[in-house]
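Below: the structure, in structure tokens.
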Amino acid sequence: MIIIKDLKPIIAKNISELRRVNDTTQAELAEKLNYSDKAVSKWERGESVPDVTVLSEIADIFGVTVDYLLTEDHAPVDEIVESDIKILTKNRVIITVMSLFLVLLISTFAFVIMNMAMEFRFWHFLCFLYALPVCSIILIVFNTIWFNTRFNFVYISLLMWSLLAALIVTFLACGINIALLAVVGIPGQIIIIMWSQLKFTSKKLVSKLKSKNNTKYENAEH
């Protein structure tokens with residue numbers, strides 16, 4: 001006789017333990033999955049089960065396999081997951097820092113070549129100044145993919161101000177004073193701060209609202 005176990009409590013326990021070990025709140029996990037924190041709460045109470053796609057995303061976030069989420073008897077999560085997550089996080093930080101230093105290396109190389117090819121000029125330092133916006137873009141991309149997107153507004157602000165500074169210094173080197181261009185950064189910064197305060201709904205909620213509106217429209221036609 002084949003006994004089929006109820007996967008709801010197993011998945012609920014595994015998600016809850018993984019979230020606890022990784023010091024992640026229900027709201028943070030929900031944000032990464034583009035779901036509501038209420039949905040995550042239902043999963044951890046065993047009231048519902050995420051679909052296969054979402055289970056795969058959860059496994060990727062916590063560095064485990066889907067089989068791990070479906071298995072009741074396995075090695076303690078604290079021993080396996082915590083060490084794996086630390087290694088993964090460390091590798092991601094190293095890759096990010098390496099990318100930033102790669103930009104610095106390219107800027108330094110360009111600076112040296114320019115000084116070798118022609119007489120030293122003040123605007124040669126623009127190689128380093130324009131490296132700042134590039135580094136900001138790298139931080140935005142890696143932070144969006146691997147880290148906490150809540151800090152993106154900081155890197156976007158850095159991108160805007162460093163780009164404005166680079167443009168102003170470039171024009172000054174050409175004898176054109178456009179220092180007032182910095183004023184553009186004030187409304188830009190306000191927009192970035194306001195954007196960072198926006199709260200986005202989950203795709204599942206949006207689809208439900210659309211379905212509900214379509215149903216009302218159809219009923220109105222009949």
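Please find, among Y68, Y35, the residue that is closer than 25 Å to T89 by Cβ and in contact (Cβ under 8 Å) with a residue 60 or more places away in the chain. First the steps, then the outcome.
On the way: Y68 fails: in contact (Cβ under 8 Å) with a residue 60 or more places away in the chain.
Only one candidate passes the filter, namely Y35.
Consider V52 carefully, then state whether it is among the aliphatic types (A, V, I, L, M), at pLDDT below 90 and either in the same structural domain as L126 (by TED's automatic domain parsing) or within 26 Å of V141 (Cα to Cα) (or both). Outline the logic, then answer.
Values: among the aliphatic types (A, V, I, L, M): yes; at pLDDT below 90: yes; either in the same structural domain as L126 (by TED's automatic domain parsing) or within 26 Å of V141 (Cα to Cα) (or both): no.
No.
Taking the range 16-26, which residues are assigned to a helix (DSSP H, G or I) and either under 11 Å from I61 (Cα atoms) or free of Cβ contacts under 8 Å to residues at least 12 places away in the same chain (or both)?
Within the range 16-26, L18, R19, R20 meet the criteria.
Sort out which residues of the range 174-194 are within 16 Å of I156 (Cα to Cα) and either exposed (fewer than 10 other Cβ atoms within 10 Å of the Cβ) or of a type in the set (A, V, I, L, M, F, W, C) (or both), and write them in order of number. Correct list: A182, V184, I186, P187, I190, I191, I192, I193, M194.
Of everything in the range 40-67, what is among the polar types (S, T, N, Q), outside any helix (DSSP H, G or I) and farther than 14 Å from K8 by Cβ? Give them in sequence order. Spell out the reasoning first.
Quick first cut of the range 40-67, residues among the polar types (S, T, N, Q) only: 41, 48, 53, 56, 65.
Subset that is outside any helix (DSSP H, G or I): 48, 65.
Across the range 40-67, the qualifying residue is only T65.
Selection of the range 112-144 for residues being in a helix (DSSP H, G or I), over 13 Å from T96 (Cβ atoms) and aromatic (F, W, Y) yields F122, W123, F125, F128.
Being surrounded by 14 or more Cβ atoms within 10 Å (Cβ to Cβ) and either farther than 30 Å from N91 by Cβ or at pLDDT 90 or above (or both) is a property that does not hold for L209.
In the range 1-23, how many are within 20 Å of F151 (Cβ to Cβ) and either surrounded by 15 or more Cβ atoms within 10 Å (Cβ to Cβ) or modelled with pLDDT under 80 (or both)? Residues in the range 1-23 being within 20 Å of F151 (Cβ to Cβ) and either surrounded by 15 or more Cβ atoms within 10 Å (Cβ to Cβ) or modelled with pLDDT under 80 (or both): 1 in total. Test each condition in (1) under 29 Å from E31 (Cβ atoms); (2) in a helix (DSSP H, G or I); (3) modelled with pLDDT under 85 for A220 and report the one that comes out false. Here A220 clears every test but (1).
The values are calculated or read from the model by the stated rules, or taken from the named source; none is laboratory data. On a predicted model such as this, the values are computed, not experimentally measured, just so you know. Please note: Cβ atoms are built from the backbone with ideal geometry, for glycine as well, and neighbour counts cover all protein chains shown.
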